Each structure stands twice: as structure tokens, then as C-alpha cells.
1. Please give the contour-minus-distance gain from Val14 to Ala39: 0.36 nm per residue of separation, less the Cα-Cα distance, rounded to one decimal in nm.
2. What shape does the stretch 22-79 take by its C-alpha gyration tensor, where a ≥ b ≥ c are the square roots of the eigenvalues and a/c under 1.5 counts as rounded, a/b above b/c as prolate, and the rest as oblate?
3. Between Ala60 and Leu21, with labels modelled 7 Å along Cα→Cβ, what's the label distance in nm to one decimal, could you check?
4. Work out from phi, with θ = phi - 60° and the Karplus expression 6.51 cos²θ - 1.76 cosθ + 1.60, the ³J(HN,Hα) of each residue of the stretch 40-47, listed in order in whole Hz, and give x for Gly and Pro.
5. Pick out, from Leu51, Ser32, Val66, the residue whose Cα sits farthest towards the positive end of the charge dipole of the stretch 4-73, with +1 on the Cβ of Lys and Arg and -1 on the Cβ of Asp and Glu.
Amino acid sequence: MSSLADAECDDGTVEECIDELNDCLTRLAGHSPIALAVALRVHLEALLQSLLEGELCTRAEVRDFVRELQREALQYDDG
């Protein structure tokens, strides 16, 4: 079973994917940041559910991934 943590190890693939996502997001620049955030959340939820259903990661790995996302998104919140 591959995991979400393992995916971070293959920097070349992840970097290529980030570049392609940046290209897509550039085309969506006319939308508000809030609309983009909500749309990305919907897609992330579907992707994570798909990983679980395909047994590509565990519920614990998804929880850890989401906690890390939250920590990174709010890292400057404490001032």
C-alpha cells in the first residue's frame, strides 16, 4: 500500500503536478479566492475518499494529512 507520506518523497512527480496545477489555477484567476478554496476543498474531499476506497491510504493517513494541512494553513495565525 502506498501512502500520502510516500508521495512526498517523489519530488519530481510532485513538482511536475504542482506546476500543472499552477497552470490550471492561473486560468481560474477570474474567480474569487473563496470560490477557488471551496471548489478545491470539494475536489480534495473526493480525491481523499477515492484514495480510501482504492485502499491507497488509511483513514489515519488521511487524518494526519488533513491535520498537517490545517497546521500549515494556520501557521501564522498565532501571531
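No lab work stands behind these numbers, since they all come straight from the coordinates. Note that the coordinates shown come from a computational prediction; the quantities given were computed from them, not determined experimentally. Quick reminder, even Gly has a Cβ in these numbers, built from the backbone with ideal geometry, and neighbours come from all protein chains shown.
1. Gain in length upon complete extension: 6.9 nm.
2. Oblate, since a/c reaches 1.5 and b/c is not below a/b.
3. 2.5 nm
4. With the stated coefficients, the stretch 40-47 comes to 5, 4, 4, 5, 4, 4, 5, 5 Hz.
5. After comparing all options, I get Ser32.
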